[in-house]
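Novice: What follows is a single structure, and I will ask about it in a moment.
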Amino acid sequence: MSHNPASTKPNKLQRIVSKCYSLPAALQSFALTTVFGRVIKFAGTAGVEVLELKGSRSVLRLKNRKKAQNHIGSVHAAATGLLAESATGFLVGIHLPDSKLPLLKQMQIDYVKRSTGDLTAVASLTDAQVTAMHTDDKGEVTVAVTITDSTGIEPVNANMTWAWIPKKR
């Protein structure tokens, strides 16, 4: 059975994101970032920015600012993990029906190179993963996320596994 996102009722987060995209293009990222920072306070504190959240893809950025740096002046390892978690979690969040609760089950992050400058995370879901979120009461998905720095290298390899369960009524 093929999943058609247009045939499912948008969840609360999806409705808010749609409103952000109805704004002029110059305001969309700011509006998405503001909403995200209110929902996920830690990400807002760290300065995670939402550049894109459409369909089965999200693009988030974390600028290399003092509040997110480590002792060598690059983005802190924990902040890098937060960026990967945010990019995948926000994407899962717009697809999961309101009747289900998302839970981060596993973070796998291999730090392979020192990063330079800002970090950008791109996360994506497959059609099969989106379908499972709508049809299965409980389940999990491992969300692919690619993180690149300002020079275009990938300083980390990351996978985030998100589970969902029915919300208690």
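Novice: Do we have Ala123 as more than 24 Å from Ser18 (Cβ to Cβ), of a type in the set (A, V, I, L, M, F, W, C) and surrounded by 15 or more Cβ atoms within 10 Å (Cβ to Cβ) here? Let's see the steps before the verdict.
Specialist: Values: more than 24 Å from Ser18 (Cβ to Cβ): no; of a type in the set (A, V, I, L, M, F, W, C): yes; surrounded by 15 or more Cβ atoms within 10 Å (Cβ to Cβ): yes.
Criteria not met by Ala123.
Novice: Of all residues in region 53-81, how many are surrounded by fewer than 17 Cβ atoms within 10 Å (Cβ to Cβ), of a type outside the set (Gly, Ala, Ser), touching a strand residue (DSSP E or B) at 6+ places or on another chain (Cβ under 7 Å) and in contact (Cβ under 8 Å) with a residue 12 or more places away in the chain?
Specialist: Number satisfying all stated conditions: 1.
Novice: Of all residues in region 95-114 being over 18 Å from Ala84 (Cα atoms) and not in a strand (DSSP E or B), which is farthest from the chain's Cα centre (by Cα)? Walk me through how you get there before you give the answer.
Specialist: Here is the first cut: in region 95-114, the residues over 18 Å from Ala84 (Cα atoms) are 96-101.
With not in a strand (DSSP E or B) added as a condition, the list becomes 96-99.
Values: Leu96: 13, Pro97: 16, Asp98: 17, Ser99: 20 Å.
So the residue we want is Ser99.
Novice: Then there's this: How many residues, within region 132-144, are part of a strand (DSSP E or B), more than 19 Å from Val48 (Cα to Cα) and touching a residue at least 40 places away in the same chain (Cβ under 8 Å)?
Specialist: Keep residues of region 132-144 that are part of a strand (DSSP E or B), which gives 139-144.
Next cut, more than 19 Å from Val48 (Cα to Cα) only: 139-142.
Among the residues that remain, those that are also touching a residue at least 40 places away in the same chain (Cβ under 8 Å) are: 141.
The total comes to 1.
Novice: Let me ask something additional. Condition (residue is charged (D, E, K, R), assigned to a helix (DSSP H, G or I) and at pLDDT 95 or above) applied to region 115-131: is it met by at least one residue? First the steps, then the outcome.
Specialist: Going through region 115-131, the residues charged (D, E, K, R) turn out to be 118, 127.
Next, only the ones that are assigned to a helix (DSSP H, G or I) stay: 127.
Narrowing further to those that are at pLDDT 95 or above: 127.
Yes, because at least one residue in region 115-131 is charged (D, E, K, R), assigned to a helix (DSSP H, G or I) and at pLDDT 95 or above.
Novice: May I pose another question? Pick from region 55-79 the residues that are under 30 Å from Ala128 (Cβ atoms) and polar (S, T, N, Q): which of them is farthest from the chain's Cα centre (by Cα)? Outline the logic, then answer.
Specialist: Of all residues in region 55-79, those under 30 Å from Ala128 (Cβ atoms) come to 55-62.
When the remaining residues are screened for being polar (S, T, N, Q), the result is 56, 58.
Values: Ser56: 11, Ser58: 6 Å.
Only one residue tops the list, namely Ser56.
Novice: Could I ask something else about it? State yes or no: is Ala78 under 25 Å from Asp149 (Cα atoms) and in contact with a Leu (Cβ under 9 Å, 6 or more places away or on another chain)? Before the answer, list the steps.
Specialist: Values: under 25 Å from Asp149 (Cα atoms): yes; in contact with a Leu (Cβ under 9 Å, 6 or more places away or on another chain): no.
Here the answer is no, as Ala78 does not meet what is asked.
Novice: What is the number of the single condition among (1) β-branched (Val, Ile, Thr); (2) buried (at least 18 other Cβ atoms within 10 Å of the Cβ); (3) more than 18 Å from Met133 (Cβ to Cβ) that Val92 does not meet?
Specialist: Unmet for Val92, out of (1) β-branched (Val, Ile, Thr); (2) buried (at least 18 other Cβ atoms within 10 Å of the Cβ); (3) more than 18 Å from Met133 (Cβ to Cβ): (3).
Novice: Which of the residues that make up region 141-169 are among the acidic types (Asp, Glu) and crowded, with 17+ Cβ neighbours inside 10 Å? Before you say what the answer is, go through the steps one by one.
Specialist: Step one: of region 141-169, the residues among the acidic types (Asp, Glu) are 149, 154.
If the condition is that a residue be among the acidic types (Asp, Glu) and crowded, with 17+ Cβ neighbours inside 10 Å, then Asp149 is the only one that fits.
The values are calculated or read from the model by the stated rules, or taken from the named source; none is laboratory data. Quick caveat: nothing in here was measured; it's all calculated off a predicted structure. Cβ: placed from backbone, ideal geometry, glycine included. Neighbour counts: every protein chain shown.
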